[in-house]
Amino acid sequence: MATVPWDGAIPELLREHLGAAVLDTHLYVDQPFAVLTLAAMLPALELLHAEADFDYLVDITAVDYPKRECRFDLVYIVYSHSRNQRVRLKAQVPANQKPLSAVPIFLGANWLEREVFDMFGIEFAGHPNLTRILMPDEWSGFPLRKDYGIIQMDNTWVKNNLGIESGQ
Amino acid sequence: MKQFLRRFLLLDLLEGLWVTFRHQDTRLITTEQYPSQRPAVSERYRGAPRLNNHPETNETLCISCNLCAVACPENLIVVGSVRNAETKRKDLVTFTYDLSRCMFCGLCEDACPVDALELTQDFEIASYTREGLIWDRQALEEGPRPTQYRQ
Amino acid sequence: MTTSPDANELVLNMGPQHPSTHGVLRIVLKLDGERVKSTECIIGYLHRGVEKIAENRTYVQFAPYVDRMDYLAAVSNGLGYCLAVEKLMNSVAPPRAQAVRVILTELNRIASHLLWLGTHALDIGAITPLFYTLREREEVLKIFENYCGARLTTHAFRIGGLQYELYEGFEQQVNAFCDQFPAKVDEYEELLGGNRIWRERLRGVGVLDAATCKRYGVTGPMLRAAGVPWDLRKAQPYSGYEQYEFEVPTRSSGDTLDRYFVRLDEMRQSVRIVRQAVANIPTGPIMAKIAKVIKPPVGEAYVSIEAPKGELGYFIVSDGSTHPYRLRVRPPSFVNLQALDHMAKGALVADVVAIIGTIDIVLGEVDR
């Protein structure tokens, strides 16, 4: 299976407004995705929300590629009820750049971004309450990073809070 | 008027009591008197594991292929075998199954090519100790022995 | 209980050990008298790191774990996962497998809604319905047990199709259930919906209109109760749902009472789908022709299904090996729970229990 070019109104709209910031628009297994620069991500979400009626933010997640220069991929999935179409937007996160929070556009982004922060340590600028959500607040380390072992844990936290030497 | 009569003659109450009374019928009682009455579990129930022996020769069916151990998501099966110099086959020596971590997904029995490992209908596998849930080859061949209480 | 500097404000901890938080949800309520000023959900008590586990298991090995997220809808979880991996491998389950998947998933929807109904009524103070709903749920669980050998964490489906062929008497058992079940739904409706206390207790509580639902990303019965007829089974049919005739029940006011009605109607529609599916189960193989060792090609896919609680999505990134490189679960409960703050603001403390119940959360899925 290979990717096929994605034509239609959405990629045209993205290219028209964001120009060179749109790096790639393709379909893979019939699912459209667009690769953008991180700076263009929030404008793209805003654009899709306002111009193309993408009114439902399905998910925000990240993927860790520790060997790459820009370590993380940030993935946004948006859906339009009126078009019945789902679009995936991806951007690489450079080490010195913080992605902007999508909360002003989609309220549902709040917890999703907190989870990405909790699991990967990606900080979102402008988030109203960027704290850990699933892990305890004092936990150190980001569990879904590739260099975090499957049985690894924050031993100091375990010792202080559970009173045992190790959780294993 | 009709409403008043109903209320006066306590018809609603009697109707409700009739529903309650109807359930006195023994056929409608669903409570099982465990342990004297055992529940009938389905044929495909995934319960305690068993290592099957050949019904006639009473030799183990296991060919020590290790496929169950590879299939297990929790890595809780350990198969120990030695290569038999005569038959050039692997003979089963030990077989350890850690029930305390088992989630009864059935992937090991799906993987078994000779139907040696099987999840049976036995469901009484509680133990007082964690160690008691680590079953060796003997326990797997004999199956669980729940304590029988008699009056 | 502590009082904060604002003398009128009372901070109250609800949970994690509270029977009506449906698990280990902790909510910090800020109260002004009986009114809720704000809520803060503290979750993660049941976090097991399912997404991390996925990266350390093969595709086949991970399948039993998905049952343990939304454990009341294990079959739906399994279906979503299998469809996602099949999408990555570009394979489709054979028609017979698809029909059986639809039957079991719809039965699971009924079972999930039944347990929701019983516990929701229990939270509000109606104790009897729980016994009735558990009685009917038992029939569904018996079908699951007969089919795949487990009642709760079923692991019923495999990537590419099914592991088990139908057992003898499956059709009869499912038909018998479908024959007697609609009358039971009417009974619940009479018992609860016909009760004025129930109606008045729920009307206007936890209102969430369609626009707010969309802003929060709320899906499932909550969105449909606000009047949006959006159901993934209709919008983007999977597993052969396009062959079946059914309606998407909606209501208009988006309050707790409407969500109750929507879920009852959904159970009726599920019975309708099951009837159609069981009447003509195609013959043929139950497993697609796929390699023994599952190695999807490099790429990524997002597949979602309409789980009983909303849109359940799986986003899988494959690097061509036997293990998923990254597996993300988009849990409906997690996203829906976010709307709690909006719904509870200004409500009475006693309504918070009703609002938690109406979201229909399973903490196993919220925390994963």
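Can you list the helices (runs of 4 or more DSSP H) found entirely within region C:281-364 that contain at least 2 residues being among the aliphatic types (A, V, I, L, M), over 17 Å from the mean Cα position of the chain (by Cα) and surrounded by fewer than 19 Cβ atoms within 10 Å (Cβ to Cβ)? Spell out how you get there, then give the answer.
Values: elements: C:332-337, C:340-344, C:349-359.
It comes to C:349-359.
Given the conditions (1) surrounded by 13 or more Cβ atoms within 10 Å (Cβ to Cβ); (2) within 16 Å of the chain's Cα centre (by Cα), which single one is not true for residue A:125?
(1)
Please go through (1) over 17 Å from the mean Cα position of the chain (by Cα); (2) assigned to a helix (DSSP H, G or I); (3) surrounded by fewer than 21 Cβ atoms within 10 Å (Cβ to Cβ); (4) aliphatic (A, V, I, L, M) for residue A:14 and return the number of the only condition it doesn't satisfy.
The one condition residue A:14 does not meet is (3).
So if I check each of B:30, B:20, which one is part of a loop (DSSP other than H, G, I, E, B) and farther than 30 Å from residue B:113 by Cα?
B:30
Only one of B:71, B:116 is within 20 Å of residue C:63 (Cα to Cα), small (Gly, Ala, Ser) and surrounded by 18 or more Cβ atoms within 10 Å (Cβ to Cβ); which?
Working: B:116 fails: within 20 Å of residue C:63 (Cα to Cα).
The conditions single out B:71.
Only residues that are among the aliphatic types (A, V, I, L, M) and either more than 20 Å from residue B:71 (Cα to Cα) or within 14 Å of chain C (Cβ to nearest Cβ) (or both): list them for region B:94-108, please. Can you show your working first?
Within region B:94-108, the first condition is being among the aliphatic types (A, V, I, L, M), and the residues that meet it are B:99, B:103, B:107.
Result: B:103, B:107.
Can you go through A:47, A:57, A:38 and tell me which one is in contact (Cβ under 8 Å) with a residue 60 or more places away in the chain and hydrophobic (A, V, I, L, M, F, W, C)? Give the derivation first.
Numbers: A:47 fails: in contact (Cβ under 8 Å) with a residue 60 or more places away in the chain; A:57 fails: in contact (Cβ under 8 Å) with a residue 60 or more places away in the chain.
A:38 is the lone residue from the list that is in contact (Cβ under 8 Å) with a residue 60 or more places away in the chain and hydrophobic (A, V, I, L, M, F, W, C).
Six or more apart or on different chains, Cβ under 8 Å: which pairs go from a residue in region B:57-70 that's closer than 11 Å to residue B:117 by Cα to one that's acidic (Asp, Glu) and in a loop (DSSP other than H, G, I, E, B)? Could you list them?
B:61/B:115
Checking the conditions here, which among A:64, A:59, A:24 is under 21 Å from residue C:316 (Cα atoms), in the same structural domain as residue A:114 (by TED's automatic domain parsing) and touching a Gly at 6+ places or on another chain (Cβ under 9 Å)? Talk me through it step by step, then tell me what you get.
On the way: A:64 fails: touching a Gly at 6+ places or on another chain (Cβ under 9 Å); A:24 fails: touching a Gly at 6+ places or on another chain (Cβ under 9 Å).
After applying the criteria, what remains is A:59.
Identify, from the list A:54, A:33, the residue that is of a type in the set (Phe, Trp, Tyr), touching a Ser or Thr at 6+ places or on another chain (Cβ under 7 Å) and modelled with pLDDT under 90. Steps first, please.
Values: A:33 fails: touching a Ser or Thr at 6+ places or on another chain (Cβ under 7 Å).
Of the residues listed, the single one that is of a type in the set (Phe, Trp, Tyr), touching a Ser or Thr at 6+ places or on another chain (Cβ under 7 Å) and modelled with pLDDT under 90 is A:54.
Residue-by-condition table, conditions (1) on the phi > 0 side of the Ramachandran plot; (2) surrounded by fewer than 19 Cβ atoms within 10 Å (Cβ to Cβ); (3) in a loop (DSSP other than H, G, I, E, B):
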| position | (1), (2), (3) |
| --- | --- |
| A:43 | no, yes, no |
| A:50 | no, yes, no |
| A:59 | no, no, no |
| A:63 | no, no, no |
| A:67 | no, yes, yes |
| A:75 | no, no, no |
| A:78 | no, no, no |
| A:82 | no, yes, yes |
| A:89 | no, no, no |
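What is the number of the single condition among (1) at pLDDT below 90; (2) closer than 26 Å to residue C:336 by Cα; (3) touching a helix residue (DSSP H, G or I) at 6+ places or on another chain (Cβ under 8 Å) that residue C:200 does not meet?
Residue C:200 satisfies every listed condition except (3).
Are any residues in region B:66-93 more than 14 Å from chain C (Cβ to nearest Cβ) and of a type outside the set (A, V, I, L, M), and if so, which ones?
Passing the criteria: B:66, B:80, B:81, B:83, B:84, B:86, B:87, B:88, B:89, B:90, B:91.
For every residue, the table says whether it meets (1) part of a helix (DSSP H, G or I); (2) within 14 Å of chain A (Cβ to nearest Cβ); (3) in contact (Cβ under 8 Å) with a residue 60 or more places away in the chain.
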| position | (1), (2), (3) |
| --- | --- |
| C:141 | yes, no, no |
| C:151 | no, no, no |
| C:179 | yes, no, no |
| C:183 | yes, no, no |
| C:190 | yes, no, no |
| C:215 | yes, yes, no |
| C:218 | no, yes, yes |
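Considering each of C:76, C:91 in turn, give the residue that is out of contact with any Gly (no Cβ under 7 Å at 6 or more places or on another chain), on the phi < 0 side of the Ramachandran plot, in contact (Cβ under 8 Å) with a residue 12 or more places away in the chain and away from chain B (no Cβ under 14 Å).
Values: C:91 fails: out of contact with any Gly (no Cβ under 7 Å at 6 or more places or on another chain).
One residue alone meets the criteria, C:76.
Looking at (1) among the acidic types (Asp, Glu); (2) without any contact (Cβ under 8 Å) to a residue 60 or more places away in the chain; (3) crowded, with 20+ Cβ neighbours inside 10 Å, which one does residue C:242 not meet, given that it meets all the others?
Going through (1) among the acidic types (Asp, Glu); (2) without any contact (Cβ under 8 Å) to a residue 60 or more places away in the chain; (3) crowded, with 20+ Cβ neighbours inside 10 Å one by one, residue C:242 breaks only (3).
Take the residues in region C:41-73 that are among the acidic types (Asp, Glu) and out of contact with any Gly (no Cβ under 9 Å at 6 or more places or on another chain); name whichever of them is surrounded by the most Cβ atoms within 10 Å (Cβ to Cβ).
The first filter runs over region C:41-73 and keeps only residues among the acidic types (Asp, Glu), leaving C:51, C:55, C:67, C:70.
Of the ones still in play, those that are also out of contact with any Gly (no Cβ under 9 Å at 6 or more places or on another chain) are C:51, C:55.
Details: C:51: 20, C:55: 18.
Across region C:41-73, the extreme among qualifying residues is C:51.
The values are calculated or read from the model by the stated rules, or taken from the named source; none is laboratory data. Remember, it's a predicted structure, so these values are computed and weren't measured experimentally. FYI the Cβ positions are ideal-geometry reconstructions off the backbone, even for glycines, and counts take in every protein chain you see.
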